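Undergrad: Take this structure first; my questions come after.
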Amino acid sequence: MGKRTLAKQTVLLTCTSFFLFFLLAAPSYSIEKKSGNKEKISDFRIKIRRLEKGISSQEKQIQTTENRERNLLLELEVLDKNLAERQARLEELEAQMSHQLALIGKKIEALNTIYSEKETVENHLGKRIKAYYTMGGIGLLNVTFSTKSLPELLLFHDAFDTLILYDQNVIKVYRETIRGLEGAKTALTLEKSILQDFIDQVVREKKEVTLSKNAKKSLLIHIRTQTKLHKQAIAEMQEASTALSDSLVSLRKKTEPQKKKFLANKGKLHPPVKGVIVTLFQQVKVNKLGISRKSSGITLKVDDGVKIKAISGGTIIFSGYLRGYGNTIIIDHGYQYYTVTSRIEKLLVHEKDSVKTGDVLGITGDTATLFDEGLYFEIRHGKKSLDPLLWLDPNRLSTAEEQAAK
């Protein structure tokens, strides 16, 4: 910005200097002899050519500065997209962490159960061993004074030995199970630590992108009053709109689900969100960059975190970042009727998905409205933009003036 201002000042000073020089030289020129006139005129022409070259050089420098400023807008769009990607990655990692903690909790619960069962079996085994040694072996005295016969005593001892051996095997199985669960718990805990490292890294990256984004946003304040840059931004937006129209025609599907439903419900369709209309169709609006443009749709003021819904059934033909529009979803409703919803924080559908009336398409948020406020909604028939208010249910919409009057 400083270079551009300096360049313009240089051109102005150069022109002023030349003009003053001409005024100062004019009196002496009028009193000189005719033989010196040609030399003076030639000298003036040389200086004028030099001045024209200087102006041309300064204009090129100004154009270079404008290109740098325009590139800043593109960089900011890229940062905005990167920030959304990191936010999505962070949510994915946090979901994995929640799942990991649940698995660890299940392993701990299983370990506690196994420890309790093992302790119960060990207590039973201890009692059996104590009773076994208290009873003693099958000696002459035991056989003589016992009320049971020798075969009965032998059978009893064999059964006791079998029970003790069974308990020992059960305890062995419990120990092996405990070792397996402890190993699984250790592995899950290690995975949890790795996941936490990933989460910390994404949080750091998100913070860095946010800082860079804020720094570039502050630079944008200085270019809001630059007429040429504004015209270029408008041209780029018009180019994006033309490209969008061409894409809509080329991406039209041969099969058009629920064709008649969209046409039959004209004037009865529910809006994508419950909000207040802040920009009407064909209304001239100035965005956050100070750029004035005519709206091809409507803008709805809505809170963050609101679910955006499909106004009618159809097929998703585009879901992603669109230059000049931000995160955008385009739905083919048949008969070359399309709805365009832009400035979405989080996209929940993908290309080729089929949606029904009321299906959730995405979520609203503050980072999606960097250049313009509110959720943008548009209805098109081929390349022609239509007034959405003629299609949506008027009882479900209100303007800012109507809200203020309530």
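Every number in this text was worked out from the coordinates using simple rules, so none of it is lab data. As the structure is a computational prediction, the values presented were derived from the model and not from experiment.
Undergrad: Out of residues 5 or more away from S398 or on other chains, whose amide H comes under 5 Å of its own, with H placed 1.01 Å from N in the peptide plane?
TA: I277
Undergrad: What are the ³J(HN,Hα) values, in whole Hz, obtained from phi via the Karplus relation 6.51 cos²θ - 1.76 cosθ + 1.60 with θ = phi - 60°, for each residue of region 170-186 in sequence order, with x given for Gly and Pro?
TA: So the J values, rounded to whole Hz, are 4, 4, 4, 4, 4, 4, 5, 5, 4, 4, x, 5, 4, x, 5, 4, 4.
Undergrad: Using θ = phi - 60° and the Karplus relation 6.51 cos²θ - 1.76 cosθ + 1.60, list the HN-Hα couplings for region 80-93 in order, rounded to whole Hz, with x at every Gly or Pro.
TA: With the stated coefficients, region 80-93 comes to 4, 5, 4, 5, 5, 5, 5, 5, 5, 5, 5, 5, 5, 5 Hz.
Undergrad: Using amide H atoms built 1.01 Å from N in the peptide plane, name the residues 5+ places from E345, or on other chains, whose amide H lies under 5 Å from its own.
TA: Long-range HN contacts for E345: I363, T364, G365.
Undergrad: Once you've got the Cα coordinates, tell me which of K307/K384; K207/K346; K301/K346; K266/K384 are over 21 Å apart. Could you put the intermediate results ahead of the total?
TA: Numbers: K307/K384 27 Å; K207/K346 19 Å; K301/K346 17 Å; K266/K384 17 Å.
Table pairs above 21 Å Cα-Cα are K307/K384.
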